[in-house]
1. For LEU148, list long-range residues whose amide hydrogen, built 1.01 Å from N in the peptide plane, is under 5 Å from its own amide hydrogen.
2. What's the local net charge at GLY71, with K and R +1, D and E -1, over the other residues with C-beta under 11 Å away?
3. Sequence-distant or interchain residues sharing an amide H contact under 5 Å with ALA83, placed H: which?
4. Lys/Arg Cβ at +1, Asp/Glu Cβ at -1, dipole of region 37-93 taken about the Cα centre: which of GLY38, THR87, SER50 is farthest positive-ward?
5. Restrict the search to region 1-94; then list the chymotrypsin sites (Phe, Trp or Tyr not before Pro) that DSSP places in a loop and that have at most 11 other Cβ atoms within 10 Å of their Cβ.
6. For a quick check: with amide H placed at 1.01 Å from N, whose amide H comes under 5 Å from TYR28's, ignoring anything fewer than 5 positions away on the same chain?
7. Quick one: 3J(HN,Hα) in Hz for region 65-71, Karplus 6.51/-1.76/1.60 with θ = phi - 60°, rounded, Gly and Pro as x.
Amino acid sequence: MEGWARLDTDAGTNMLIHKKPAYKEEGYFVTVRKRDSGTLLYSYLGYSESEQRAGSFPIHKWTHWAVTSDGVNRRHYINGELAGEFTEDAGVFTPSAEPLLLAKTVPVNTGLAECRLWNVARTQTEIKSTMDKNVTTPMPGLIAVWPLGENAKDVIGDHHGVMYNNLQFKKWKE
């Protein structure tokens, strides 16, 4: 999973991508949360004790984030740089039938743009090679792309997202 976000406040929890029933282990999410040590990127991948955090998330600045997992290691990237690496509990991921939610809980002045979902664990080099480009055509391993400039429609397939909180999506190159 990867995308662009601009947080104009460091308060609370900002759910960027969410596909998880409440209080159940299945599914996944990527959030940004304010903690004593700063504003950090969090990820959860469908099993007890899988929540991880790493990567300082700047405020008032467009920031590219990515979370990858190959089933053995999970990695957090901020602006194409490795921010954290964690060992996965292999083979225990439980998918969720819940809909994929984009920006489920974010303040209205938050920007979210160009979210992508992959079924492969991209390398740092691969992430850096496309993070500054708008992707509008299928690529190997790419499941969906939501440019989010105007709506939550997938431009390479029919995996349309659901918008929350009357969020005003923005183009990340603003």
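Read the figures in this text as sums done on the coordinates, not as results from a lab. Everything numeric here is computed off the predicted structure, so don't read it as measured data. Here Cβ is always computed from backbone atoms with ideal geometry, including for glycine, and neighbour counts include all displayed protein chains.
1. The answer is GLU114, LYS153.
2. Numbers: positive: ARG74; negative: ASP70, GLU88, ASP89.
So the surrounding residues net to -2.
3. Under 5 Å from the amide H of ALA83: HIS76, TYR77, ILE78.
4. The listed residue farthest towards the positive side: GLY38.
5. TYR23
6. Sorted by chain and number, the residues that satisfy this are LYS19, LYS20.
7. Computed from phi, the couplings for region 65-71 are 10, 8, 10, 10, 8, 9, x Hz.
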